[in-house]
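Undergrad: Structure in structure tokens, see below.
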Amino acid sequence: MKKLSSYKPKVGYVLVLKSVNPDMTAGYGNGFLWPQKGKCIADDWKPSKECGKGLHGWKWGEGDADLRVTKEGARWLVLSVLENTIIDLNGKVKFPYCEVVFVGELA
């Protein structure tokens, strides 16, 4: 893959930043295991304006930084998400599916 800095999402898609535990499990919730790359689907999706029942992150990397995983070795994901599927939860967003386009360290 090209450097992330040269990655441009497809028309209608946005980039979402996500932090997870070093083992790629979600930092909060039920221990959902994120893939290293490719498509990811929330099996429990519910299109409601409440936390849970979907995949979560920060649209364009903006949101409540207190929700990040702070464990040593935390992994950071960049996700491509169809913008019209996103629900704003004030500080983070949720969505039913995405594509993992990058996994690495925060730096």
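Undergrad: Distance in nm between label sites at residue 88 and residue 64, each 7 Å beyond Cα in the beta-carbon direction?
TA: Each label point is offset 7 Å from its Cα along the Cβ direction, giving 1.6 nm.
Undergrad: In addition: Could you pull out every residue, at least 5 positions away or on a different chain, whose amide H is within less than 5 Å of the one on residue 32? Hs are placed 1.01 Å off N in the peptide plane, and Pro or chain starts have none.
TA: Those lying under 5 Å, H to H, from residue 32 are 26.
Undergrad: For the chain, what does the relative contact order come out to in percent, with C-alpha contacts under 8 Å and a separation of six or more? List each step's numbers first, then the result.
TA: Numbers: 214 pairs, mean separation 38.3, N = 107.
Once divided by the residue count of the chain, the mean separation gives 36 percent.
Undergrad: Next question. Relative to the present Cα-Cα distance, how much length would full extension add between residue 107 and residue 49 at 0.36 nm per residue of separation?
TA: Fully extending the segment from residue 107 to residue 49 adds 17.7 nm.
Undergrad: Shifting gears a bit: What accessible area per residue, rounded to a whole number of Å², is obtained for the chain using a probe radius of 1.4 Å? Don't skip to the answer; put the middle values down first.
TA: Details: 6710 Å² over 107 residues.
About 63 Å² of surface per residue is accessible.
Undergrad: Between residue 13 and residues 5 or more places away or on another chain, which pairs have amide H atoms under 5 Å apart, with H built 1.01 Å from N, and which residues are they?
TA: Hits under the 5 Å cutoff: 83.
Undergrad: Determine ³J(HN,Hα), in whole Hz, for all residues of region 73-82 in sequence, where each value follows from phi through the Karplus function 6.51 cos²θ - 1.76 cosθ + 1.60 and θ = phi - 60°; x replaces Gly and Pro.
TA: Calculated HN-Hα couplings, in order: x, 3, 9, 10, 10, 10, 10, 9, 10, 5 Hz.
Undergrad: If I take every Cα pair under 8 Å that is 6 or more residues apart in region 49-100, average their sequence separation and divide by the length, what percent do I get for the relative contact order?
TA: On the way: 56 pairs, mean separation 26.4, N = 52.
Here the relative contact order equals 51 percent.
Undergrad: Moving on. Where the convex hull is taken over the Cα atoms of the chain, what is its projected area averaged over directions, in nm²?
TA: Numbers: hull surface 25.7 nm².
About 6.4 nm², averaged over all directions.
Undergrad: Let me ask something else. Please enumerate, by chain and number, the lysines with C-alpha under 30 Å from the C-alpha of residue 10, excluding those fewer than 8 residues away in the same chain.
TA: Straight-line reach from residue 10, under 30 Å: 2, 18, 37, 39, 46, 49, 53, 59, 92, 94.
The values are calculated or read from the model by the stated rules, or taken from the named source; none is laboratory data. Quantities reported herein were computed from a predicted structural model and do not represent experimental measurements. Cβ: placed from backbone, ideal geometry, glycine included. Neighbour counts: every protein chain shown. Heavy atoms of the whole protein, side chains included, go into the accessibility calculation; ligands, DNA and RNA do not. Shrake-Rupley method; radii C 1.70, N 1.55, O 1.52, S 1.80 Å.
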